[in-house]
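K.L.:
Just dropping this structure here.
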Amino acid sequence: NAGVTQTPKFRVLKTGQSMTLLCAQDMNHEYMYWYRQDPGMGLRLIHYSVGEGTTAKGEVPDGYNVSRLKKQNFLLGLESAAPSQTSVYFCASRAPGIGGARLQQYFGPGTRLTVT
Amino acid sequence: QQPVQSPQAVILREGEDAVINCSSSKALYSVHWYRQKHGEAPVFLMILLKGGEQKGHEKISASFNEKKQQSSLYLTASQLSYSGTYFCGASGGGADGLTFGKGTHLIIQP
């Protein structure tokens, strides 16, 4: 099992360009998440999904869109990139339910995005 | 509201003990602890559920005080490999994601 994978690993964009980050998981998890991590800020939730075809906003959703067309994939889009979106983006997934082990979020390796 | 972690940073000699605290202003269902090394993804350490449970993982253990909405991570006889940034993530029990603290930087010196 690959777990959670993210594509690409690194990307440099110019202001105003668009791109899509792909997150894929092979654990059959219902819930998927996108976080961004900035120096000194910890991880902050951008958007999340509780199932195929559903998405919801997190703490910092502005400037991002997401789609969950297939259960195993969660896409994060930047329509018009801004320097403030320079960050490391992590995807995570977990199983539904509230029992201890089911609460664990599994993280991908991250995508380092620089917007110039 | 982000959980508040303390201390922000700590420097230890190998073999010393450390305690990292995490306080939340909102009701918690669970607290999640992660360690992250520079340039890598967070690595899961443990989850604590409300009920004052204490868990352990090798020489790393944690407690969760539901009444105080606080969790503490205990690192005993620290090893060089324990260096990194430790994050607590708070959950109210729903499907929405974790709310993370800003992290505690731990440096272990030989």
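Where a number appears in this text, it was derived from the coordinates with a stated rule and is not lab data. Predicted, not measured: the structure shown is a model, and the values here were computed from it. A quick note on method: Cβ atoms are made from the backbone with ideal geometry, for glycine too, and the neighbour counts reach across all protein chains shown.
K.L.:
Over all pairs of distinct alpha carbons, what does the Kirkwood formula give as the hydrodynamic radius of region B:1-51, in Å? Before the final figure, lay out each step's value.
P.N.:
Details: mean 1/r = 0.0763 Å⁻¹.
Kirkwood hydrodynamic radius for region B:1-51: 13.1 Å.
K.L.:
Report the Cα centroid-to-centroid distance between region B:66-94 and region B:1-44 in angstrom, as an integer.
P.N.:
Cα centres, region B:66-94 to region B:1-44: 4 Å.
K.L.:
Count charges around B:Ala90 for me, please; just the other residues with Cβ under 14 Å from its Cβ, Lys/Arg as +1, Asp/Glu as -1.
P.N.:
Working: positive: A:Arg44, B:Lys26, B:Lys50, B:Lys68, B:Lys102; negative: A:Glu59, B:Glu66, B:Asp96.
Counting the neighbours of B:Ala90, the net charge comes to +2.
K.L.:
Treating the Cα atoms of region B:4-109 as identical point scatterers in vacuum, please give the log10 of the normalised Debye intensity I(q)/I(0) at q = 0.19, 0.21, 0.22 Å⁻¹, two decimals.
P.N.:
-0.89, -1.08, -1.18
K.L.:
Also: Hey, quick one: spin label on A:Glu52, modelled 7 Å out along Cα-Cβ, who in region A:95-116 has an amide N within reach, i.e. under 20 Å?
P.N.:
In region A:95-116, the label zone of A:Glu52 (backbone N under 20 Å from the point 7 Å along Cα→Cβ) covers A:95-97.
K.L.:
I've got another one for you. Running a GNM on chain A with Cα contacts under 10 Å, which residue among A:Gly42, A:Gly51, A:Gly63 ends up with the highest mean-square fluctuation?
P.N.:
A:Gly42
K.L.:
Between B:His38 and A:Ser18, what's the calculated FRET efficiency when r is the beta-carbon distance and R0 is 30 Å? Round to 0.05. Walk me through the intermediate numbers first.
P.N.:
Values: r = 30 Å, r/R0 = 0.98.
So, using R0 = 30 Å, E works out to roughly 0.50.
K.L.:
May I pose another question? Above 21 Å lies some portion of the pair distances; for region A:4-115, what is it as a whole percent of all C-alpha pairs?
P.N.:
More than 21 Å apart: 30 percent of the Cα pairs in region A:4-115.
K.L.:
In nm, what is the difference between 0.36 nm times the number of residues separating A:Met27 and A:Ser84 and their Cα-Cα distance?
P.N.:
Working: separation 57, 0.36 × 57 = 20.52 nm, distance 3.26 nm.
Length gained between A:Met27 and A:Ser84: 17.3 nm.
K.L.:
Same structure, new question: Using the 10 angstrom Cβ neighbour count as an exposure proxy, how do B:Arg13, A:Arg36, A:Arg102 rank, fewest first? Walk me through the numbers before you get to the answer.
P.N.:
On the way: B:Arg13 9, A:Arg36 22, A:Arg102 13.
Ordered by Cβ neighbours within 10 Å, fewest first: B:Arg13, A:Arg102, A:Arg36.
K.L.:
OK, next. What distance in nm lies between label points placed 7 Å from Cα along the C-beta direction at B:Ser81 and B:Glu14?
P.N.:
Taking the two extended label points, one gets 1.3 nm.
K.L.:
Which one, A:Ala92, A:Ala82, A:Ala24, has the greatest fluctuation when you compute a Gaussian network model over chain A with C-alpha springs under 10 angstrom?
P.N.:
Of A:Ala92, A:Ala82, A:Ala24, the most mobile in the Gaussian network model is A:Ala82.
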